[in-house]
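Student: Below: one structure in structure tokens.
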Amino acid sequence: MVAHSQRLAGAATTVWHSATGVGDLVGPSSATGLWDGEPGVEKTAAWGDPVPLADLARIGHETGTTVNDVCTALVAGALDRYFASHGTTRPEPSDLGWLIPVSLSSFDDELPADLGNHFSLVLAQLPLGRRSFAERLAEVHRRVARIRDSYEPVLTFGVQYVIAQSPAPLGRAMSRYFAGKGVGVLTNVPGPRAAMTLAGAPVEGIVGWAPCSGRQAITICIFSYAGQVRFGFGTDRKLIPDPDALVAGLAAEFAAAR
């Protein structure tokens, strides 16, 4: 009886978490007021020195969080520093929506017979204006755990399918509407754990960027490779002409978190 009650409580919590995510998806956008405007044609990119994966794992172990949580909290801190340096800091703690890819397939070291992606995009609200890295990290961990304990990835995959099957004018309008819920795309990709070679030459590092859609101005890709993690920032030059400031903000945030 106790186990049955626990399962029911767990299912109810998952449904509630799913409803919360759907509410964020159809509710007002938290991406307005920052980097507003029509993106231009020219894009730019920047990336910093690699961050040791062992340091990120240590922080996660000491705080009961994951490496992904730590990386996401570092990004949130870098954004706080960027907005502060540009005089656009919001006066109180707030949220900034990002679209985050979530794999619908289990991770496996063995490559499948047919290669390809099977993922969904979920809307995640990153906390801005928190007082410290520890506070940001705890809030990120709570929010990511809510998404994990929900049906949101499956639901948003269904939305993506509907958009893809809709007539072009309707599909474009729906895509632009949902893309506007996030200021950009934030993705974390686990790469090879050991150093690789390409045509006999050693690969020293890998930097990646995710595509944007609609009027999104920025994409951030976190890529781990051979014990190192790189953060790549791709921006619209018209709206965010200085991605190096984001790189500097992340480096400062990592130094403070250590």
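Student: Using a 1.4 Å probe and counting only protein heavy atoms, arrange Trp35, Trp47 so the residue with the most accessible area comes first.
Tutor: In descending accessible area the options line up as Trp47, Trp35.
Student: On to the next question. Highest mean first, how do 54-63, 139-148 rank when packing is the count of other Cβ atoms within 10 Å averaged over residues?
Tutor: Ranking, from highest mean packing down: 139-148, 54-63.
Student: Once you charge only the Cβ atoms, +1 for Lys and Arg and -1 for Asp and Glu, what is the size of the charge dipole of the range 160-237 about its Cα centre, to the nearest 20 debye?
Tutor: Rounded to the nearest 20 debye, it is 260 debye.
Student: Now, a different point. May I ask you to order 180-186, 71-77 by the average number of other C-beta atoms within 10 Å around their residues, highest value first?
Tutor: Highest-to-lowest ranking by the protection proxy: 71-77, 180-186.
Student: Same structure again: Take Ala195 and Ala256, extend 7 Å from each Cα along the Cα→Cβ direction, and tell me the distance between the two endpoints in nm.
Tutor: The two pseudo-label positions are separated by 3.4 nm.
Student: Rank Ile218, Gly208, Ala251 by how far each Cα sits towards the positive end of the charge dipole of the range 168-258 (+1 on Lys, Arg Cβ; -1 on Asp, Glu Cβ) and give me just the farthest.
Tutor: My answer, from the dipole projection, is Ile218.
Student: What shape does the range 187-258 have by the C-alpha gyration tensor, where a ≥ b ≥ c are the square roots of the eigenvalues, rounded means a/c under 1.5, and otherwise prolate means a/b greater than b/c and oblate the rest?
Tutor: Because a/c hits 1.5 or more and a/b fails to exceed b/c, the range 187-258 counts as oblate.
Student: Something else: List the trypsin sites (Lys or Arg not before Pro) within the range 191-233 that DSSP assigns to loop and that have no more than 15 neighbouring Cβ atoms inside 10 Å.
Tutor: Hits after loop and neighbour filter: Arg193.
The values are calculated or read from the model by the stated rules, or taken from the named source; none is laboratory data. This structure is a prediction, so every number in the text was calculated from the model and none was measured. Neighbour counts run over all protein chains shown; Cβ positions are idealised from the backbone, glycine included. Heads up: the accessible areas ignore ligands, DNA and RNA and are worked out on the full protein's heavy atoms, side chains in. Shrake-Rupley method; radii C 1.70, N 1.55, O 1.52, S 1.80 Å.
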